[in-house]
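The values are calculated or read from the model by the stated rules, or taken from the named source; none is laboratory data. Source: prediction; values computed, not measured. Every residue, glycine as well, gets a Cβ built from its backbone with ideal geometry; the counts of neighbours run over all protein chains shown. Areas reflect the complete protein model, heavy atoms only, side chains present, ligands, DNA and RNA absent. Shrake-Rupley method; radii C 1.70, N 1.55, O 1.52, S 1.80 Å.
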Amino acid sequence: MYRFLLTRQWVIVTLIVLAMIPTMIELGFWQLHRHEHRVAQNALISRNLESAPVPVDRLTAPGHTVPRSDYWRAVTATGTFDTRHEVVVRRRTSQDERIGVLVLTPFDLKGGGTVLVNRGWVEAATAQQEFPEVPAPPRGQVTVTGRLKADETTGTSGIKDLKGLPDRQVMLINSAQQAQLLGRPVLGGYLELTAPEPAGGRPEVIAAPDDGSIGPHMAYAVQWWLFAAGVPVGWVILVRREKRDLDQAARDREAAEQPEPATA
């Protein structure tokens, strides 16, 4: 009755269906895990953004790798900006997707030590080899507040750390790299400035991360599981349609083979 399922065409179709079902189920779980990761990350962002600021040197030290649990923690630092060793980080976008640079300024702490401060975004110079016009930070001793971030690396950011860049230009915000250039220890990670806000709005302060959107991952997971459930249903429908067509073709042949009734 269903011998047609043993034909080469139907064996291939069946094997494809059998392969698609677990693949779609796995893709659904992959999207579910991404949803759970996003929910956990949003909770972490919200909790750390709302936490009371603490001195930056309580959470990091030279050579320290900032753990994920401390990402976006509110921190403070008191000291002076070292504009002589200021650099810009190339190929970064503003909130409205303009390409420019980030201003990275060493900040010498009052009690000793240095931390990198990302002061925000400015337009790049007309010529890539030139250092852009960067507004000066406050002079003298000042207390700044910001969000603690981990060092950027080629592995975590996907950004290539290009060699042979113009003087005072870098691709990554990396404390170890800047410590070599400065010739002194630098606290691990960096501070993303939130206060005081720069005069005239330049550099443009980096906006806080979004801790509300959970993305479409859960909807994608459900879609993949619905597809996985629909594939065998579709296979059954195709099988039944094929059987019906074959049965109809057999009946048509039988009717054609019947002798015509004799006429008087």
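Miscellaneous remarks
- Residues in region 112-148 that are open to solvent by less than 60 Å² (accessible area, probe 1.4 Å), in a loop (DSSP other than H, G, I, E, B), among the hydrophobic types (A, V, I, L, M, F, W, C) and touching a residue at least 12 places away in the same chain (Cβ under 8 Å): Ala124, Val134.
- Here the condition is being surrounded by 14 or more Cβ atoms within 10 Å (Cβ to Cβ) and modelled with pLDDT of 95 or more; of Leu165, Leu182, Leu191, it holds for Leu191 alone.
- Complete set of residues in region 83-102 that are open to solvent by less than 20 Å² (accessible area, probe 1.4 Å) and either over 20 Å from Gln180 (Cβ atoms) or without any contact (Cβ under 8 Å) to a residue 60 or more places away in the chain (or both): Ser94, Gly100, Val101
- Residue in region 11-19 that is touching a helix residue (DSSP H, G or I) at 6+ places or on another chain (Cβ under 6 Å), surrounded by fewer than 17 Cβ atoms within 10 Å (Cβ to Cβ) and in a helix (DSSP H, G or I) present: yes
- Looking across region 64-82 at every residue that is assigned to a loop (DSSP other than H, G, I, E, B) and among the charged types (D, E, K, R), the one that is surrounded by the most Cβ atoms within 10 Å (Cβ to Cβ) is identified as Arg73.
- Residues of region 149-158 satisfying the condition of being open to solvent by 60 Å² or more (accessible area, probe 1.4 Å) and in a loop (DSSP other than H, G, I, E, B): Gly158
- Restricting region 31-54 to residues that are open to solvent by 70 Å² or more (accessible area, probe 1.4 Å) and touching a residue at least 40 places away in the same chain (Cβ under 8 Å), the residue that is farthest from Arg147 (Cα to Cα): Arg34
- Among the residues of region 206-245, just one is touching a helix residue (DSSP H, G or I) at 6+ places or on another chain (Cβ under 6 Å), open to solvent by 70 Å² or more (accessible area, probe 1.4 Å) and modelled with pLDDT under 85, namely Ile214.
- Lone unmet requirement of (1) among the aliphatic types (A, V, I, L, M); (2) closer than 30 Å to Ser213 by Cα; (3) modelled with pLDDT under 95 for Val56: (3)
- Exactly one residue among Leu193, Leu181, Leu226 is part of a strand (DSSP E or B), among the aliphatic types (A, V, I, L, M) and at negative phi, and that residue is Leu193.
- Residue selected from region 168-179 under the condition among the small types (Gly, Ala, Ser) and surrounded by 19 or more Cβ atoms within 10 Å (Cβ to Cβ), by the criterion farthest from Tyr71 (Cα to Cα): Ala179
- Condition met for Asp57 (assigned to a strand (DSSP E or B), farther than 21 Å from Glu197 by Cβ and open to solvent by 40 Å² or more (accessible area, probe 1.4 Å)): no
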